[in-house]
Amino acid sequence: MIYGDDDLPGTTSYVPDFFELIKTKSADGFSCQSKIIETGGHVPYISLHDGLRFVFSGWQYPIDQIEKSNLEDIVEHYQHLTEKYGFEAEIPLDPLITVAFVLGEKEDIPQTIEALLLACKIHPYSADAFYYLGTAYEKAGDADLAISQYKKALEINPDYALASQRILQLEKKK
């Protein structure tokens with residue numbers, strides 16, 4: 001519950017008591033929070049933002065854990081969210097790309113490719129996903145697959161200069 005300290009007197013006087021009642025009568029595992037917005041009036045807009053962040057806490061994959069994570073950890077995290085909220089929690093692009101970088105630094109190219117293939121499948125309009133998949137295929141020594149991924153990145157974003165450069169460099173080597 002969020003309310004402003006400049007709200008209607010009825011609100012500012014009853015909300016704290018109502019919040020205490022909810023806390024004492026709630027079932028085990030129920031989570032709630034109350035917050036007063038200083039100089040906030042009636043239903044401050046930040047209340048929606050803060051409320052959604054509270055309800056969906058834990059949605060983002062913890063960035064501090066990504067260095068020691070693998071693709072399975074990320075997939076499991078979002079499967080858990082799907083079960084928790086009752087709708088499919090799509091894996092965002094950022095954790096997939098980040099874990100691919102981590103795996104690439106560890107020279108785990110097959111897992112890097114697997115993470116990027118999943119990124120391309122979930123985010124088929126991401127030029128970055130296809131570009132990074134191209135770099136992974138390039139590290140794996142498959143110039144033809146790398147070029148095909150760079151071309152897909154260019155189909156999505158014709159101005160993707162890095163993809164154009166990589167294609168030219170790889171075609172010169174042939």
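The values are calculated or read from the model by the stated rules, or taken from the named source; none is laboratory data. It should be emphasised that the depicted structure is a prediction, and the values quoted were computed from it without experimental measurement. Glycine gets a Cβ as well: all are built from the backbone with ideal geometry, and neighbour counts include every protein chain shown.
Count, please, the residues in segment 24-58 that happen to be more than 28 Å from Thr82 (Cβ to Cβ), surrounded by 13 or more Cβ atoms within 10 Å (Cβ to Cβ), modelled with pLDDT of 70 or more and not aliphatic (A, V, I, L, M).
Qualifying residue count for the region: 2.
Checking the structure you have, find out if any residue of segment 155-172 is at pLDDT 95 or above, part of a helix (DSSP H, G or I) and within 23 Å of the chain's Cα centre (by Cα).
The answer is yes, given that some residue of segment 155-172 is at pLDDT 95 or above, part of a helix (DSSP H, G or I) and within 23 Å of the chain's Cα centre (by Cα).
A quick yes/no check of all residues on (1) in contact with a Pro (Cβ under 7 Å, 6 or more places away or on another chain); (2) under 21 Å from Asp144 (Cα atoms); (3) surrounded by fewer than 18 Cβ atoms within 10 Å (Cβ to Cβ):
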position: Tyr61; (1), (2), (3): yes, no, no
position: Ile74; (1), (2), (3): yes, no, no
position: His80; (1), (2), (3): no, no, yes
position: Lys84; (1), (2), (3): no, no, yes
position: Leu96; (1), (2), (3): no, no, no
position: Val99; (1), (2), (3): no, no, no
position: Leu116; (1), (2), (3): no, yes, no
position: His123; (1), (2), (3): no, no, no
position: Tyr131; (1), (2), (3): no, yes, no
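Taking the stated definitions as given, is Leu93 touching a Ser or Thr at 6+ places or on another chain (Cβ under 7 Å) and of a type outside the set (Phe, Trp, Tyr)?
Judged against the criteria, Leu93 is a match.
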